[in-house]
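Colleague: Got a structure here, written out as C-alpha cells. Questions coming.
The values are calculated or read from the model by the stated rules, or taken from the named source; none is laboratory data. Only a predicted model underlies this, so the values are computations on that prediction, with no experimental measurement involved. Neighbour counts run over all protein chains shown; Cβ positions are idealised from the backbone, glycine included. When the accessible area is computed, the model is the full protein with side chains, heavy atoms only, and any ligands, DNA or RNA have been set aside. Shrake-Rupley method; radii C 1.70, N 1.55, O 1.52, S 1.80 Å.
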Amino acid sequence: MKYRTLGNSGVAVSKLALGTMYFGSENTEEEAFALLDAFVEAGGNLVDTSNVYSGSVSEQIIGRWLADRPAEITDRVVLASKGRYTTGPDVNDLGLSRRHLTRALDASLHRLGVETIDLYQMHGWDAHTPIEETLSFIDDAIRAGKIHYAGLSNFTGWQLQLTVSTAKAMGVHVPLTLQQQYSLLSRESEFEMVPAALHNNIGLLPWSPLAGGFLTGKYQRGTTPAPDTRAGGDNQLYRYVSEQYSSVDRNWATIDETVRIARETGATPAQVALSWIADRPGVTAPVFGARTLEQLHESIAAADLTLDDEATAALDKVSAPTPGDYPYGPFGTTQRDRRLQGGDQALGDLVAQGSDHPLGRP
C-alpha cells in the first residue's frame, strides 16, 4: 500500500479508502468485519462512513468492529464520517446548523464507540444555514476533541471557495478534503470543483470511482443486466444512476477503452479505472466499496498499478466531457486564457478558425 497526506495535514492515509455505505444492507456484519480486517491487513487505513449509511447501521457495525479488535489493529484506522442529511422526522433533523450537527456528531461518536472522529465531513451544502455557523461548530468540535479535522462533500466550486475563504477570514479551521463523485464516467467536477480544490490545497476523496460497477466492464450495451447487480436490481437510486451512465455514448466508448487497456496491461478494468482516478491531480484517495473479499483484494491491487503516459492519455481523451461552448467549452475557456507571449490571445485564434457550418462561413 502507498500513502499520501490527508489534504493539508500531516496525517498519512492509504492511497485507497474503504467505503462502507453498504455495511448493514448489501454486506452483513460478518462480511463487513472480514472486509475491514483484510483492508487493514493490506495496509489500508482510511475508512469512510456516514451517519445515514444503511440508516446509521454502517456506523454501528464499524463501532462493534473497533470494540472487538485489539488496539494494535484499530489504532491504525483513520476514521472518517459525515453529518448533514436526515436523521429523523423533525424539520431540524437535517442540515448544517449548529443544533443539528451537534446532535448528529454526538450520535455518531456513540455509535462508533470513539471519543474522536479523525475526519468529520459536511455531507452536502445547506443553503439555509450561514456558512459562518457551520464553521464555528467545526472549530468548537475540534477544540472539544470530538473531531481532529473537517472535510466537505458534494460542494460545488463556489461553495467550496466560499467555505475556505470564510474560514480563513474567521481564523478558524479550514476543511482539509472534498469528497465528490468523480470517475472516468463522471469528470464534470473538473470544470470548477477540482480547480477550486487544487487552488486551496484541498485533498480530493472521489466517491463512486468505478461508476456504480460500470467501469468493471460487467455491463454490456444493449443487454439486460443480471438481477444480482446494482443496475439490474430493484433499488430506485441504482436504477436511476445506471440509466444516466448507460444513456451516454461516450461512457460506453470509455468502458471499451478501459477494458482494452486492462487486457494489454494484465490488469482488470476496475484496477485500471482506480489507478487512473487515484493519480489525478489533487486526489488523496478514491473511496471504493466491495461486496466480497475478492473485490476488495482486486481493488487494493490497484494501489500498485501506475498507467503509462499512452494509456493515461487514451483514457483522458475518450472520457473527456463535452460541454457546450460556454462557459466550459472552447469559447468560454479561451476567454479566460491569458498568454504572456505570442501576441493575440487564444480567443482570437479560436474565432479566426471560422466554422464549417454554412452560417459560420465568411
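Colleague: Going residue by residue through the range 29-47, is there one that turns out to be open to solvent by 10 Å² or more (accessible area, probe 1.4 Å), within 30 Å of Pro130 (Cβ to Cβ) and not in a helix (DSSP H, G or I)?
Modeller: Within the range 29-47, not a single residue is open to solvent by 10 Å² or more (accessible area, probe 1.4 Å), within 30 Å of Pro130 (Cβ to Cβ) and not in a helix (DSSP H, G or I).
Colleague: Looking at (1) under 20 Å from the mean Cα position of the chain (by Cα); (2) free of Cβ contacts under 8 Å to residues at least 60 places away in the same chain; (3) over 20 Å from Val318 (Cα atoms), which is the one condition that is false for Gly203?
Modeller: Tallying (1) under 20 Å from the mean Cα position of the chain (by Cα); (2) free of Cβ contacts under 8 Å to residues at least 60 places away in the same chain; (3) over 20 Å from Val318 (Cα atoms), Gly203 fails exactly one: (2).
Colleague: For the range 293-319: of the residues being without any contact (Cβ under 8 Å) to a residue 60 or more places away in the chain and polar (S, T, N, Q), which is most open to solvent (accessible area, probe 1.4 Å)?
Modeller: Out of the qualifying residues, it is Thr306.
Colleague: Shifting gears a bit: Between residues in the range 2-24 that are within 15 Å of Asp118 (Cβ to Cβ) and residues that are acidic (Asp, Glu), which pairs lie under 6 Å by C-beta distance while being six or more apart or on different chains?
Modeller: From the range 2-24, the pairs are Ala17/Asp48.
Colleague: Right, next: For the range 128-162: of the residues being part of a loop (DSSP other than H, G, I, E, B) and out of contact with any strand residue (DSSP E or B) (no Cβ under 8 Å at 6 or more places or on another chain), which is nearest to Trp207 (Cα to Cα)?
Modeller: The initial filter retains those residues of the range 128-162 that are part of a loop (DSSP other than H, G, I, E, B), namely 128-130, 144-146, 154-156.
So of that shortlist, the ones also out of contact with any strand residue (DSSP E or B) (no Cβ under 8 Å at 6 or more places or on another chain) come out as 128-130, 144-145, 156.
Values: His128: 25, Thr129: 25, Pro130: 26, Ala144: 29, Gly145: 27, Thr156: 15 Å.
Within the range 128-162, the match that is nearest to Trp207 (Cα to Cα) is Thr156.
Colleague: Separate question: Of all residues in the range 163-212, which are of a type in the set (Val, Ile, Thr) and part of a helix (DSSP H, G or I)? If you could, list the steps in order and put the result at the bottom.
Modeller: Applying the first criterion (of a type in the set (Val, Ile, Thr)) to the range 163-212 yields 163-164, 166, 172, 174, 177, 194, 202.
Residues satisfying the conditions are Thr163, Val164, Thr166, Val194.
Colleague: Suppose we filter Thr116, Thr166 for residues that are under 30 Å from Tyr3 (Cβ atoms) and surrounded by fewer than 17 Cβ atoms within 10 Å (Cβ to Cβ); which single one remains?
Modeller: Testing whether each residue is under 30 Å from Tyr3 (Cβ atoms) and surrounded by fewer than 17 Cβ atoms within 10 Å (Cβ to Cβ) leaves just Thr116.
Colleague: Tell me which residues, restricted to the range 67-99, are outside any loop (DSSP other than H, G, I, E, B), closer than 15 Å to Leu18 by Cα and among the hydrophobic types (A, V, I, L, M, F, W, C).
Modeller: Going through the range 67-99, the residues outside any loop (DSSP other than H, G, I, E, B) turn out to be 67-68, 71-74, 78-83, 98-99.
When the remaining residues are screened for being closer than 15 Å to Leu18 by Cα, the result is 74, 78-82.
If the condition is that a residue be outside any loop (DSSP other than H, G, I, E, B), closer than 15 Å to Leu18 by Cα and among the hydrophobic types (A, V, I, L, M, F, W, C), then Val78, Leu79, Ala80 are the ones that fit.
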